[in-house]
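Working notes, structure below.
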Amino acid sequence: MVRAEAVSRKYGRFLALSGVSFAAGSGEVIGLLGQNGAGKTTLMNVMAGCLAPSEGRVLIAGHDLVRSPFAARRALGYLSEVPPVYPELTVREYLQFCCRIKGVVRADEKRHLDEIIGLTGLMPMQHRLIGQLSKGFRQRTGLAQALCGDPEVLLLDEPTAGFDPAQAVAFRKLIRTLAKGKTIVFSSHLLHEVQEVCDRVLVIHRGRLLVDHDLRQAAQSNRYRVVIQGEPERLLSPIRQLSSVCRVRQENTTAGRTRLVVETKPDETFAKQLFHLLSAMGAPVLELTPLRDTLETLFLQATGGEEGKE
Amino acid sequence: MRAVYHKELRSYFYTPTGWLFITVFLSLAGLLFYLNNILPRSSDFSAFLSMMSYVWMLLTPILVMRLMAGERRGMTDKLLQSAPLSVASLVTGKYLAACTVMLIAVTLSLAYPLLMSACARVYPMEVLSGILGFLLQGCAFIALDLMVTSTVRNTFSAAALAFGVNLFVWLMSLMTSSAAMPAALTRGIAFFSLYERFIPFLSAQLSPANILFYLMFCISMLAVSITMLKLERARER
């Protein structure tokens, strides 16, 4: 649905994006992370057709944004960093305008508008002037605009900026609902939001794509923290011999409690094997916690490491 | 194009711009009607229209200033750029909306010749020809101002630039009556002058050449606006 091929973008002599490549299919939600000035908005603008790449190309639903701009833009909904709204229009008038410029068939317009307004929770505000709305509702109006024409690809640049916590929760639910049959790329500074909503995360730093991380795979952890009542000398060897175990690292031992980090094969037999073993040895398991790399760790490793090199 | 046209027309009347334009236009028209027709007890409508033709210089910048600059200021240009909408549709829709507001103002000002016809002898052809020329001249000024403001980012800069260009056009037309100017240059300026082309309409001379000139002028200005916007987008790209 979206494919960026070695996309670079220069502003004069400044290289804002350098050789960014990735592809996202239908039903995928991609989070775009990066520090301020990393190139997230530039990448969004390039993918939305507001900026053409200096090198490389972007395909939206199989259409090249530069060579077949109309076909590509028909398959695209874009919410820019500042919601592109007209304060003098009511929400409904604005969305009607958006539907018309996006080529929604007149016969379907009313139904489509009602659907979008309902989805984004704008029903009570639909006849209010956009200029009189709060920041959160303006943002929702901007999001509703991106949904006009039922595009296959949604690009959302910091869509939850201005949302209160309740609105942010509702938004995350909405994104998961919309993700069925669409490709969604959204940038955010909120790591927990990206972790909660996205299937994949791209970390951009100084215009380069440093990390393309599949959060679905990461969710199936192969590392566990295990706390066992017993001495390590007696426990370590039998645990290492379990067929599902790859590596065991001892963290520390306090008051007869042994703390271990166990790396296992990607199967689900480890917990069962461990319980059978330890119950036979009379060593109760006090804690068994799957360990996951947090997005924060990933982000800091990627961006911090890069800074360290330079 | 229709979507842009309807949206722009709404925006004119949902913001003070359209009302301001019509109010100032009708106020100036009322004042000039009083000075040219009521005070001297004259039914010569051409004198009124002749004076009114200078009003475009002041008022078309009000209509045009936010057409393109407003999109950039409000960041709505991103919406238009990412939508399957051609630059030509965008420019034409906006231009026709501005012309419609002008048409509404001119239509309302027809009350003056109607009022005059109730108590004096009015030559309908002279009035109709004059109004046609006046409308064409207004359309030409809007097209010119739209062209010069098509890549401006600030609405006030756009208004100032449009007014400056209109003033220049007027000053150039004044030069056509200067005896010190070479005849060839005077003829050249007169050929392209939006004011000189209007004069025959006032005496009911409906010359196809003049009508065609105004139409071609408008189309050319729109074409230049479209090209400038495309070039600007390409440069941004």
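Since every read-out is calculated from the coordinates, none of them should be taken as a lab result. Quantities reported herein were computed from a predicted structural model and do not represent experimental measurements. For neighbour counting, all protein chains shown are included, and Cβ atoms are generated from backbone atoms with ideal geometry for every residue, glycine included.
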Would you mind calculating the gained length between residue A:26 and residue A:275 on full extension (0.36 nm times residue separation, minus the Cα-Cα distance), in nm to one decimal?
85.5 nm
Virtual spin-label span in nm between residue B:153 and residue B:128, 7 Å along Cα→Cβ:
5.0 nm
Efficiency of FRET between residue A:105 and residue A:189 - r from beta-carbon atoms, R0 41 angstrom, step 0.05
0.60
Counting all C-alpha pairs of segment B:2-236, share separated by more than 24 Å (%)
47 percent
Which one of A:2, B:169, B:50 is farthest out on the positive end of the charge dipole of the protein assembly as shown, using unit charges on Cβ (Lys, Arg +1; Asp, Glu -1) and the Cα centre as origin?
A:2
Around residue A:205, which amide H atoms from residues at least 5 apart in sequence, or from another chain, sit under 5 Å from its own amide H, with H modelled in the peptide plane?
A:210
Can you tell me which aspartates and glutamates have their Cα less than 20 Å from the Cα of residue A:180? Leave out same-chain residues fewer than eight positions away.
A:28, A:114, A:115, A:150, A:152, A:157, A:193, A:196, A:199, A:214
Pairs B:7/B:78; A:182/B:78; A:102/B:7; A:102/B:78; B:94/B:230; B:78/B:230: which are spaced more than 18 Å apart, C-alpha to C-alpha?
A:182/B:78
What size of dipole, in debye to the nearest 20, comes out for the protein assembly as shown about its Cα centre when the only charges are +1 on Lys and Arg C-beta atoms and -1 on Asp and Glu C-beta atoms?
280 debye
Given the Cα atoms of the protein assembly as shown, and with Rh set as the inverse mean 1/r over their pairs in the Kirkwood sense, what is Rg to Rh to two decimals?
1.19
Can you give me the long-range amide H partners of residue A:152? Hydrogens built in the peptide plane at 1.01 Å from N, cutoff under 5 Å, separation of 5 or more residues or another chain.
A:76
If one takes the longest principal axis of the Cα atoms in chain A, at what angle in degrees, from 0 to 90 and to the nearest 10, does the Cα axis of helix A:135-147 lie?
80 degrees
Cut-off 13 Å, label point 7 angstrom out along Cα-to-Cβ of residue B:118: give me the residues of segment B:1-44 whose amide nitrogen falls inside.
none
In order through segment A:222-236: 3J(HN,Hα) via Karplus (6.51 cos²θ - 1.76 cosθ + 1.60), integer Hz, x for Gly, Pro:
10, 10, 9, 9, 10, 10, 10, 7, x, 8, x, 4, 7, 8, 4
Cα-based helix-to-principal-axis angle, A:295-309 vs chain A, degrees rounded to 10:
90 degrees
Could you tell me how many degrees, from 0 to 90 and to the nearest 10, lie between the Cα long axis of helix B:155-175 and the main elongation axis, the longest principal axis, of the Cα atoms of chain B?
40 degrees
